[in-house]
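Q: Have a look at this one.
Values quoted throughout were computed directly from the atomic coordinates according to the rules given, and no laboratory measurement underlies them. For clarity, every value in this text was computed on a predicted model and none was experimentally measured. So basically every Cβ, Gly included, is an ideal-geometry build from the backbone, and we count neighbours across all protein chains shown.
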Amino acid sequence: MSDFLTLPQGPVTLRNASVPACLIGAPVTGGSDLVTMNLTLSGESIVPHDGPPGQEIDLKGAMVLPCFVD
C-alpha cells in the first residue's frame with residue numbers, strides 16, 4: 001500500500017487522476033463509475049487547464065476525492 005501524496009507548493013497539474021463520475025456530473029460509461037482526467041490546482045482551487053502551468057505529477061490512476069467539510 002502506498003502513502004498519501006504530499007503536493008509541492010505552487011500550481012500543480014495532476015495527470016491521469018481517477019475521479020468518481022458522480023462528483024463531476026459525468027455520465028457512467030463502459031460500466032465504470034470512475035473518470036480518468038487531468039486536474040490543475042492553484043492555491044486552494046481547481047483551475048482550467050489553460051491557467052498557470054504547474055509542476056506535473058502522474059497519479060497513474062490513483063483516485064482523487066474532494067475534502068469533505070463537516
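Q: Quick one: Karplus J couplings for the stretch 15-26, per residue in order, coefficients 6.51, -1.76, 1.60, θ = phi - 60°, nearest Hz, x for Gly and Pro?
A: 9, 6, 8, 8, 10, x, 4, 5, 7, 10, x, 8
Q: So what is Rg over Rh here for the stretch 5-49, counting just Cα atoms and using Kirkwood for Rh?
A: Numbers: Rg = 12.1 Å, Rh = 11.7 Å.
We get a ratio of 1.04 for the stretch 5-49.
Q: Continuing with this model, one more query. Using a 7 Å offset from the Cα along the Cα-to-Cβ direction at both T6 and D58, what is the distance between the two label points in nm, to one decimal?
A: Here the answer is 2.4 nm between the modelled labels.
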